[in-house]
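K.L.:
Here it is: the structure, laid out below.
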Amino acid sequence: MSGAESASERDSKLQQFNEFFSIENEFTVNLIPLDADQVPDYNAFMERIPLPFKISSDISSVDQSALRPLQGLSGVASHLVEFLNHQAQKIDLLVGYILSQQDDEQYRYQGVKFGGGGIIFAAKELFALHQMLEMKMFFLQDHCAVFCLGEIIDVERHQEMNHYKVIFHYIRDEDREVLVRTSLHEQSKQLQLLAQQRNKQSGS
């Protein structure tokens with residue numbers, strides 16, 4: 001019975017990972033393994049989130065909600081929209097720099113896939129299944145980063161590296177939204193690049 005429950009639980013966690021769109025894309029992630037007695041409750045987790053990560057997702061949410069209604073304006077108002085976009089870009093650059101200071105080389109790993117349900121990271125080191133992790137994910141090209149807790153649910157061998165699949169144990173809703181937006185943005189960039197390559201090949 002316990003084996004069946006274990007398999008059912010694993011399937012549920014894999015389903016949680018696949019519940020959201022995810023994309024193969026390299027990013028930096030800091031990982032700190034946590035013992036069972038080190039895993040906080042949700043309220044303690046919220047207090048544990050470093051201020052730059054809270055600021056990052058808050059600014060991203062404000063930019064999305066504030067600038068979107070202005071996109072269709074024309075005339076003099078379009079100059080205002082352009083000015084606000086420039087100011088938002090300056091703030092993004094500043095936030096990106098602040099976030100980059102949170103990246104600790106000692107705990108740095110290579111992320112290879114991410115989405116709203118979890119991530120996959122590559123490592124030569126051996127991590128145990130069900131290992132809990134404190135995670136800092138950096139997407140500095142998009143001037144954003146996310147702090148969360150995750151659990152390793154699967155591992156696959158790729159050449160000389162282990163690829164670990166991680167689901168989110170604790171993550172703020174607004175941070176999950178940031179990941180979903182970022183994954184869709186990366187997909188759009190990849191599709192544009194693919195279209196450009198096809199056009200070059202057809203034109204040569």
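K.L.:
Just give me the residues in the range 178-196 being open to solvent by 90 Å² or more (accessible area, probe 1.4 Å) and not aliphatic (A, V, I, L, M), in sequence order. Steps first, answer last, please.
P.N.:
To start, the set of residues in the range 178-196 that are open to solvent by 90 Å² or more (accessible area, probe 1.4 Å) comprises 191-193, 196.
Answer for the range 178-196, where residues must be open to solvent by 90 Å² or more (accessible area, probe 1.4 Å) and not aliphatic (A, V, I, L, M): Q192, Q196.
K.L.:
How many residues are open to solvent by less than 60 Å² (accessible area, probe 1.4 Å) and under 19 Å from R10 (Cβ atoms) when one looks only at the range 156-177?
P.N.:
Total satisfying the criteria: 7.
K.L.:
I want to confirm something. Restricting to the range 16-40 and keeping residues that are under 30 Å from S188 (Cα atoms) and part of a helix (DSSP H, G or I), which single residue is most open to solvent (accessible area, probe 1.4 Å)?
P.N.:
If we filter the range 16-40 for residues that are under 30 Å from S188 (Cα atoms), which is where we start, we get 16-31.
Applying the additional criterion that residues be part of a helix (DSSP H, G or I) yields 16-18.
On the way: Q16: 64, F17: 5, N18: 102 Å².
Filtering the range 16-40 for residues that are under 30 Å from S188 (Cα atoms) and part of a helix (DSSP H, G or I), the one most open to solvent (accessible area, probe 1.4 Å) comes out as N18.
K.L.:
I would also like to ask the following. I'd like the full set of residues that are under 15 Å from the mean Cα position of the chain (by Cα) and surrounded by fewer than 20 Cβ atoms within 10 Å (Cβ to Cβ), limited to the range 123-148.
P.N.:
We begin by selecting, within the range 123-148, every residue under 15 Å from the mean Cα position of the chain (by Cα); these are 133-148.
Those that are under 15 Å from the mean Cα position of the chain (by Cα) and surrounded by fewer than 20 Cβ atoms within 10 Å (Cβ to Cβ): L140, Q141, D142.
K.L.:
Can you say whether G96 is modelled with pLDDT of 85 or more and of a type outside the set (D, E, K, R), as far as the supplied structure shows?
P.N.:
Numbers: modelled with pLDDT of 85 or more: no; of a type outside the set (D, E, K, R): yes.
No: the conditions fail for G96.
K.L.:
Here is a follow-up. Out of curiosity, is Q159 polar (S, T, N, Q) and at negative phi?
P.N.:
no
K.L.:
Between residues in the range 122-140 that are in contact (Cβ under 8 Å) with a residue 12 or more places away in the chain and residues that are among the β-branched types (V, I, T) and part of a loop (DSSP other than H, G, I, E, B), which pairs lie under 6 Å by C-beta distance while being six or more apart or on different chains?
P.N.:
M132/V39
K.L.:
Output the number of residues of the range 41-62 satisfying the condition of being outside any helix (DSSP H, G or I) and free of Cβ contacts under 8 Å to residues at least 24 places away in the same chain. Walk me through how you get there before you give the answer.
P.N.:
Restricting attention to the range 41-62, the residues satisfying the condition of being outside any helix (DSSP H, G or I) are 41, 49-50.
Still in the running and free of Cβ contacts under 8 Å to residues at least 24 places away in the same chain: 41.
The total comes to 1.
K.L.:
Need pairs with beta-carbon distance below 6 Å; first residue in a helix (DSSP H, G or I) and among the acidic types (D, E) and within the range 179-204, second at pLDDT 90 or above and surrounded by 10 or more Cβ atoms within 10 Å (Cβ to Cβ); sequence gap 6+ or separate chains.
P.N.:
What qualifies is E186/I23; E186/N25.
The values are calculated or read from the model by the stated rules, or taken from the named source; none is laboratory data. All values reported here derive from a predicted model rather than from experimental measurement. Please note: Cβ atoms are built from the backbone with ideal geometry, for glycine as well, and neighbour counts cover all protein chains shown. Areas reflect the complete protein model, heavy atoms only, side chains present, ligands, DNA and RNA absent. Shrake-Rupley method; radii C 1.70, N 1.55, O 1.52, S 1.80 Å.
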